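K.L.:
Sending over a structure as structure tokens; questions will come in a sec.
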Amino acid sequence: MTYIDTCIVMQVVDSLNDDYIVQLSKYHKAFIGKTNLQQISNYIPANYTLTSSWTVYGDEKYDYVSIGLERKLPYRSIQQINPTQIVVDIFGATSNTNWITQMKSVKEIRNVNYEQIEDDVFRVTIDLKHPQHWGYFIFYKKKALVVRVKRQPEKLNIRNLKIAIDAGHGGSNTGAMGASNIIKEKDYNLKIAKELEKYFHRRGVKTFMTRNKDIDLGMVDRTLMLRKEDPDILISIHHNSASNPNVSGVSTYYRYLGFRLLSETILKRMVELKLNSFNNIGGFNFALNGPTEYPNCLVEVAFMSNLEDEKRILYPAFPKQVTKKIYKGIKDWIKEVK
Ligand SMILES: [Zn+2]
């Protein structure tokens, strides 16, 4: 559904394979990895949890919506476009809010509102000023649920952005293998990532690389590293593979609607390389499409399992060609969101 903060009590009602099924509210359940839960005893669930006052405020970098609650409850978030909204459902909450303080320090949030959409589901709606989602992060500060909203940069220019680059796989995790040669995906992901870094630096663009060597790096480590680094956008580089050797081409992936445009503008430029279009894919459950904190895009450059694509991947000038197209795709995106 999305990421959830720690130390939230949920009742386990069933189990399926590696997941527990937890009851969120009367009509809603969720799946959560068994390793992510810790059992507590002698817990008496509350019949009602009331919401209280809110504060909407800003600091130098972010806007915040802080929603008072009697205890930490599970929640989910959705990105809406046209109009641009962040919608947060708090499960098990009943409205007792009658006070929303709105400070002048707020810059990106246009309006906040709430609705009791079910007896025990409280919906928070945050309207944003800009059409583009720049990301948000939800966490608990004591018992208040806080939505931290990233603002659109005042001067929107690629040189004012910090771009994170993620080279997929690495170390013992080799990724896909070539169709005819013994080439490993991890090496070709890194080649392109390094080329991107070089290209961005030459143009005065700040970057962050999740890895710049052939090392083992798990998805949780990558995610936490990126959360700390707080980039403006993330580009993940992978190469595709299919059991059918005829499948070929470039594809870009997003999970949340608010981040779709970036993946579209990059794909549009990538197909200029005369690669087949394997399309723009939405709702994709890839770990690094999961963060809501920054717009992110997975680029599956070409198919390692296709002979024609493999030839392109092996061509020494290919990483530079790909880099130029990704750079142009990001520039196109900036032009469109301005
Ligand atoms: Zn991969």
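K.L.:
Along each principal axis of its Cα atoms, how long is segment 56-124 end to end? Whole angstroms, biggest number first, please.
P.N.:
Here the Cα extents, ordered largest to smallest, are 35, 28, 19 Å.
K.L.:
Please work out the ratio of the alpha-carbon Rg of segment 246-338 to 2.2 N^0.38 Å and round it to two decimals.
P.N.:
For segment 246-338, the normalised Cα radius of gyration is 1.07.
K.L.:
Setting aside same-chain residues fewer than 8 positions from residue 206, which aspartates and glutamates have a Cα under 19 Å from its Cα?
P.N.:
154, 166, 195, 197, 229, 230, 232, 293, 332
K.L.:
Return the sequence-ordered ³J(HN,Hα) values of segment 34-45 in whole Hz as given by the Karplus equation 6.51 cos²θ - 1.76 cosθ + 1.60 applied to θ = phi - 60°, using x for Gly and Pro.
P.N.:
Per-residue couplings from phi come out as 4, 6, 8, 10, 10, 7, 10, 10, 6, 9, 9, x Hz.
K.L.:
Also, quick follow-up: Take the Cα gyration tensor of the chain, multiply each eigenvalue by 5, square-root it, and list the three semi-axes largest first, rounded to whole angstrom.
P.N.:
Calculated on Cα positions only, the semi-axes equal 39, 24, 16 Å.
K.L.:
Once both labels are modelled 7 Å past Cα along the beta-carbon direction, what's the residue 95-residue 116 spacing in nm?
P.N.:
About 0.8 nm, to one decimal.
K.L.:
Related question: What ratio of Cα Rg to 2.2 N^0.38 Å holds for segment 97-160?
P.N.:
Numbers: Rg = 14.3 Å, N = 64, 2.2 N^0.38 = 10.7 Å.
Taking the Cα Rg and dividing by 2.2 N^0.38 Å, one obtains 1.34.
K.L.:
A further question follows. Extension gain residue 314-residue 41, at 0.36 nm per residue separation less the Cα-Cα distance, in nm?
P.N.:
92.5 nm
K.L.:
For the chain, with all protein chains present and a 1.4 Å probe, just round the carbon and sulfur fraction of the accessible area to a whole percent.
P.N.:
Ligands and nucleic acids excluded, carbon and sulfur reach 49 percent.
K.L.:
Okay, moving on. Rolling a 1.4 angstrom probe over the protein heavy atoms, how many square angstrom per residue are accessible across the chain? Before the final figure, lay out the partial values.
P.N.:
Numbers: 16890 Å² over 338 residues.
Averaged over the residues of the chain, the accessible area is 50 Å².
K.L.:
Evaluate E = 1/(1 + (r/R0)^6) for residue 17 and residue 174, where r is the Cβ-Cβ distance and R0 equals 25 Å; express this FRET efficiency to the nearest 0.05.
P.N.:
The calculated FRET efficiency here is 0.40.
K.L.:
May I pose another question? Simple spin-label model, 7 Å along Cα-to-Cβ: residue 146 to residue 48 in nm?
P.N.:
Once both label points are built, they end up 2.9 nm from each other.
K.L.:
Determine ³J(HN,Hα), in whole Hz, for all residues of segment 196-207 in sequence, where each value follows from phi through the Karplus function 6.51 cos²θ - 1.76 cosθ + 1.60 and θ = phi - 60°; x replaces Gly and Pro.
P.N.:
In residue order, the calculated couplings are 4, 4, 4, 4, 5, 4, 4, 9, x, 9, 6, 10 Hz.
K.L.:
Using a 10 Å Cβ count of at most 11 others and DSSP loop calls, identify the longest part of the chain lacking such GluC sites (Glu not before Pro). Walk me through the intermediate numbers first.
P.N.:
Values: sites that count: 60, 154.
The longest uninterrupted stretch comes out as 155-338.
The values are calculated or read from the model by the stated rules, or taken from the named source; none is laboratory data. Source: prediction; values computed, not measured. Don't worry about glycine lacking a Cβ; one is built from the backbone with ideal geometry, like all the others, and counts go over all protein chains shown. Quick note on the areas: whole protein, heavy atoms, side chains included, nothing else; ligands and nucleic acids left out. Shrake-Rupley method; radii C 1.70, N 1.55, O 1.52, S 1.80 Å.
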